[in-house]
Amino acid sequence: MTTEEQIKGRLEDVLVPGSMRSLVKLNLVRNIAFSNGKVDITLASTALSPKSQDWLKAKAGETTKGIPGIKQATIDFVEADPKELNEVKHMVAIMSGKGGVGKSLVTSLIGVSLTRRGYEVGILDADITGPSIPRMFGISERPAGSETGILPPLSRLGIEIMSINLLLPNEDDAVIWRGPLIGKMITQFWEDVLWGKLDYLLVDLPPGTADAPLTVMQSLPLSGVVIVFSPQELAAMVVRKAMRMAKQMQVPIIGVVENMSYFTVPGSRKRIEIFGKSKAREMANAADAPLLGQIPIDPQLAQLCDEGNIERYDSATLDTFADAFLKAMSDKAK
């Protein structure tokens with residue numbers, strides 16, 4: 001292992017105040033130069049207060065001590081925009097033309113399942129007028145940061161989350177904005193938030209095919225979309241509009257998910273299709289994309305969401321869902 005790799009390894013353990021992700025994972029390490037026993041480390045000052053910069057300067061210098069061959073360390077800061085530092089491998093939007101079908105639930109379940117498998121995950125809540133992601137994860141604290149950027153709060157499992165509800169004085173306050181303002185806020189959640197290095201950034205879209213989904217598809221570097229629907233014919237009809245929008249915008253459909261697909265009678269294996277016969281295969285064919293899963297009506301899941309404990313949910317259905325999602329992502333990359 002080279003000295004530079006050793007230094008970067010040590011910086012992996014330095015957590016950024018207000019984020020609890022490391023300097024390396026937030027991509028704040030801009031350069032490491034080692035020569036004649038001296039190391040010069042350059043860090044980005046993005047989203048860091050002066051107090052945080054002082055602390056990190058001392059901590060980064062201290063962490064290099066003990067590495068063979070290093071006698072002196074100098075830590076400097078440079079300015080950088082958050083969007084220059086954000087390195088997201090896959091950005092996936094979760095959408096549906098219909099409200100109330102469970103986009104936020106599916107977004108959260110994908111995030112939880114990926115995180116459990118060791119991926120670095122963030123969730124951008126683009127449902128500006130009806131945000132629900134923070135409540136499901138039990139997050140209420142305001143984001144940290146500075147004039148140069150915002151640090152998104154972390155969930156208990158370590159998922160980065162950014163939502164308008166985290167910026168409001170009260171979570172019940174209404175956001176009464178016209179389309180252009182909503183579009184600008186979504187863009188800022190990508191460009192002004194320091195996401196750092198992520199394997200997946202999941203974008204929870206509001207219903208419809210108007211300003212907000214259009215902004216995401218035109219302004220954000222999407223890898224694709226996941227379409228969510230429920231079994232009702234009315235919902236399926238409206239969701240087909242979202243499918244057509246994605247195809248018209250030339251955004252790949254990674255797969256489809258049927259939520260509220262069925263209810264399993266307690267104490268038996270009997271399934272009741274409360275909202276009608278499943279349309280899973282029909283919708284997968286219409287989207288020309290794989291069926292990623294059929295999520296049942298589960299009172300335990302609903303309770304955990306209400307309590308802000310969605311990260312505690314576990315089921316065989318969720319594991320199967322995660323496998324299907326990762327396979328679909330892999331197939332799209334080929």
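The values are calculated or read from the model by the stated rules, or taken from the named source; none is laboratory data. It should be emphasised that the depicted structure is a prediction, and the values quoted were computed from it without experimental measurement. Virtual Cβ from ideal backbone geometry, glycine too; neighbours counted across all protein chains shown.
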Take the residues in the stretch 8-25 that are part of a loop (DSSP other than H, G, I, E, B) and among the aliphatic types (A, V, I, L, M); name whichever of them is nearest to K65 (Cα to Cα).
V14
Looking at the stretch 192-233 only, could you name the residues that are surrounded by fewer than 24 Cβ atoms within 10 Å (Cβ to Cβ), hydrophobic (A, V, I, L, M, F, W, C) and within 30 Å of G18 (Cα to Cα)?
V193, L198, A212, L220, L222
Return the total of residues in the stretch 79-115 being surrounded by fewer than 24 Cβ atoms within 10 Å (Cβ to Cβ), more than 24 Å from M283 (Cα to Cα) and more than 14 Å from the chain's Cα centre (by Cα).
6
Answer yes or no as to whether I67 is in a strand (DSSP E or B), outside the structural domain of A212 (by TED's automatic domain parsing) and either surrounded by 13 or more Cβ atoms within 10 Å (Cβ to Cβ) or of a type in the set (A, V, I, L, M, F, W, C) (or both).
no
The stretch 176-190, subset more than 28 Å from M20 (Cβ to Cβ) and either of a type outside the set (V, I, T) or assigned to a loop (DSSP other than H, G, I, E, B) (or both), residue modelled with the highest pLDDT
K184
What is the number of the single condition among (1) without any contact (Cβ under 8 Å) to a residue 12 or more places away in the chain; (2) under 20 Å from the mean Cα position of the chain (by Cα) that G308 does not meet?
(1)
Index of the failed condition, S230 passing every other in (1) within 26 Å of P213 (Cβ to Cβ); (2) free of Cβ contacts under 8 Å to residues at least 24 places away in the same chain; (3) hydroxyl-bearing (S, T, Y):
(2)
Which residue is modelled with the lowest pLDDT, if the candidates are limited to the stretch 26-53 and must be surrounded by fewer than 21 Cβ atoms within 10 Å (Cβ to Cβ), assigned to a loop (DSSP other than H, G, I, E, B) and touching a strand residue (DSSP E or B) at 6+ places or on another chain (Cβ under 8 Å)?
G37
Which of (1) without any contact (Cβ under 8 Å) to a residue 12 or more places away in the chain; (2) crowded, with 20+ Cβ neighbours inside 10 Å is the odd one out, the single condition N170 does not satisfy?
(2)
Within the stretch 312-327, restricting to residues that are aromatic (F, W, Y) and in contact with a strand residue (DSSP E or B) (Cβ under 9 Å, 6 or more places away or on another chain), the one that is modelled with the lowest pLDDT is F321
Can you tell me which residues in the stretch 54-76 are in contact with a strand residue (DSSP E or B) (Cβ under 6 Å, 6 or more places away or on another chain) and closer than 30 Å to F189 by Cα?
K57, A60, I75, D76
Could you tell me whether any residue of the stretch 250-271 is hydrophobic (A, V, I, L, M, F, W, C) and without any contact (Cβ under 8 Å) to a residue 12 or more places away in the chain?
yes
Cβ-Cβ under 9 Å pairs, at least 6 apart or on other chains, the stretch 7-27 side at positive phi and of a type in the set (D, E), far side surrounded by fewer than 16 Cβ atoms within 10 Å (Cβ to Cβ) and assigned to a helix (DSSP H, G or I):
none
Out of the residues in the stretch 290-334 that are in a loop (DSSP other than H, G, I, E, B) and among the β-branched types (V, I, T), state the one that is surrounded by the most Cβ atoms within 10 Å (Cβ to Cβ).
I295
